[in-house]
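Reading through the structure tokens given below for one structure.
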Amino acid sequence: MTDVSDCRIVFVLAGGNALGAYQAGVYQALHKAGLTPEWIVGTSIGAANGAIMAGNAPEDRLTRLREFWRPAVGAASLYYGESAETWRRSGEALATLLAGRAGMFAPIGTALATRETPGLYDTAPLARTLARLIDFDRLNQGTIRYTIQAVALDSGAGRLFDTHKDRIGVEHIRASGAMAPAFPPIAIDGTLFVDGGLAANLPLDPVLEQADHRPLLCIAIDLLPLAGPHDATIGSLIARIQDLALAAQSRRIIESWQHRYGCDPALSDRAVTLAHLTYATQHREVAGKAMDFSAASVRQRWDAGVRDGDALLSGLRDGTIPLGRAGLNLVAIPQGERP
């Protein structure tokens, strides 16, 4: 029976802006259990979270993630009913749309004057935050391989920046999360890049195409659910369409790899466990959820990540999550969330 310690462990971190606190919660659970990745692949907010993980000493990673998200983890949340909570979240998202997010992007209109790379917000504050929270020498030379995805604005070509061949800095991470027109494209070596989620919001391809003869445990932390409830409001419909646009993309990628692993002889002896964790408890979220960085919302997402991380660990301990079995073995957490 294959043990976790015998596996090559990889984290794949999706985009989703403010929803990325869920990934930090999952990491908290895995970190406390001593589960450390050899490789982190991310896009957009997943690129930022991944850089904080890979670019710090193990004992500092969780602290730096908390500084980035500033949740009061473990504190009680006060909710005054679903209707009031919807108004609170909508108000928080609107406030961010107008005033920006401290340490990430400046108020609306601050980048409009930049004619070469226009955008609604200036992401220079994010550059300063990342420079403070990340040891870029460790990121580029440490034990965790780090890969992020961006898309060339002019050609539409996807581009992977990888510490095995590139020196990654603040601008690469900004480029991976440059969702235009909100955030301005970022120039790297004369090419303008935008958000990597436009190519694949859950960037599994680099990992699954490089599976070797070691058992692989790929922990993919997604932020947008494929299935979910909605009510008869325009806001609810907007939220569901936002989810479907990227979650259906993730489903197609996973189904494509399941097919390849099932019919490609070159992959027949590979043993891959794909643990697909999805932030699925979104019944309180609103249409502007990706812009709701309020402490209460961040805390709720973080705590949901801890719960799902604990569920993954429980399945690994009791053997219900297969390791070392030939083929691509998909495990969805929560259990009802399958692509």
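In the set Gln249, Gln258, only one residue is more than 16 Å from the chain's Cα centre (by Cα), surrounded by fewer than 21 Cβ atoms within 10 Å (Cβ to Cβ) and more than 23 Å from His31 (Cβ to Cβ); that residue is Gln258. Taking the criterion of being part of a strand (DSSP E or B), more than 15 Å from Thr43 (Cα to Cα) and open to solvent by less than 30 Å² (accessible area, probe 1.4 Å), the only residue of region 178-197 that qualifies is Ile188. Figure legend. Inter-residue proximity from region 201-214: first residues without any contact (Cβ under 8 Å) to a residue 12 or more places away in the chain and acidic (Asp, Glu), second residues open to solvent by less than 80 Å² (accessible area, probe 1.4 Å) and not in a loop (DSSP other than H, G, I, E, B), beta-carbon distance below 9 Å, spacing 6+ or different chains. Indicated pairs: Glu209/Trp257. Residues in region 120-177 that are part of a loop (DSSP other than H, G, I, E, B), crowded, with 16+ Cβ neighbours inside 10 Å and among the aliphatic types (A, V, I, L, M): Leu120, Ile134, Ile144, Leu153, Ile168. Take the residues in region 43-65 that are without any contact (Cβ under 8 Å) to a residue 40 or more places away in the chain and farther than 13 Å from Thr147 by Cα; name whichever of them is farthest from the chain's Cα centre (by Cα). Here the answer is Glu59.
Of the residues contained in region 172-182, one or more are found to be out of contact with any strand residue (DSSP E or B) (no Cβ under 7 Å at 6 or more places or on another chain) and of a type outside the set (S, T, N, Q).
Select from region 132-158 the residues that are among the charged types (D, E, K, R) and under 17 Å from the mean Cα position of the chain (by Cα) and list them in ascending order. Listed by number, the list holds a single entry, Arg145. Which one of these does His276 not meet: (1) under 25 Å from Ala84 (Cβ atoms); (2) touching a Lys or Arg at 6+ places or on another chain (Cβ under 9 Å); (3) not in a helix (DSSP H, G or I); (4) not polar (S, T, N, Q)? Status for His276: all satisfied but (1). Against the numbered list (1) under 16 Å from Gly288 (Cα atoms); (2) open to solvent by less than 60 Å² (accessible area, probe 1.4 Å); (3) out of contact with any strand residue (DSSP E or B) (no Cβ under 8 Å at 6 or more places or on another chain), Pro225 comes up short only at (3). Take the conditions in contact (Cβ under 8 Å) with a residue 60 or more places away in the chain, hydroxyl-bearing (Ser, Thr, Tyr) and either in a strand (DSSP E or B) or within 26 Å of Leu328 (Cβ to Cβ) (or both) and apply them to Thr117. Does it pass? When the stated conditions are applied, Thr117 does not pass them.
The C-beta contact set for region 156-183 (first residue at negative phi, second residue aromatic (Phe, Trp, Tyr) and open to solvent by 30 Å² or more (accessible area, probe 1.4 Å), distance under 8 angstrom, 6+ apart or interchain) comprises Ile168/Phe136; Gly169/Phe136; Val170/Phe136. Within the span defined as region 198-209, every residue fails to be open to solvent by less than 40 Å² (accessible area, probe 1.4 Å) and in contact with a Pro (Cβ under 9 Å, 6 or more places away or on another chain).
Is it the case, given these coordinates, that Gly25 is over 17 Å from Leu139 (Cβ atoms), in a helix (DSSP H, G or I) and modelled with pLDDT of 95 or more? Here the answer is yes, as Gly25 does meet what is asked. The residues in region 198-257 that are hydrophobic (A, V, I, L, M, F, W, C) and outside any helix (DSSP H, G or I) can be counted, and the count is 14. Does at least one position in region 57-68 carry a residue that is part of a loop (DSSP other than H, G, I, E, B) and either touching a Phe, Trp or Tyr at 6+ places or on another chain (Cβ under 6 Å) or surrounded by 21 or more Cβ atoms within 10 Å (Cβ to Cβ) (or both)? So far as region 57-68 goes, no, none of its residues is part of a loop (DSSP other than H, G, I, E, B) and either touching a Phe, Trp or Tyr at 6+ places or on another chain (Cβ under 6 Å) or surrounded by 21 or more Cβ atoms within 10 Å (Cβ to Cβ) (or both).
The values are calculated or read from the model by the stated rules, or taken from the named source; none is laboratory data. Small disclaimer: the values here were computed from a predicted structure and weren't measured. With ideal geometry, Cβ positions are generated from the backbone for all residues, glycine too; neighbour counts draw on all protein chains shown. Surface accessibility is based on the protein's heavy atoms, side chains included, excluding ligands, DNA and RNA. Shrake-Rupley method; radii C 1.70, N 1.55, O 1.52, S 1.80 Å.
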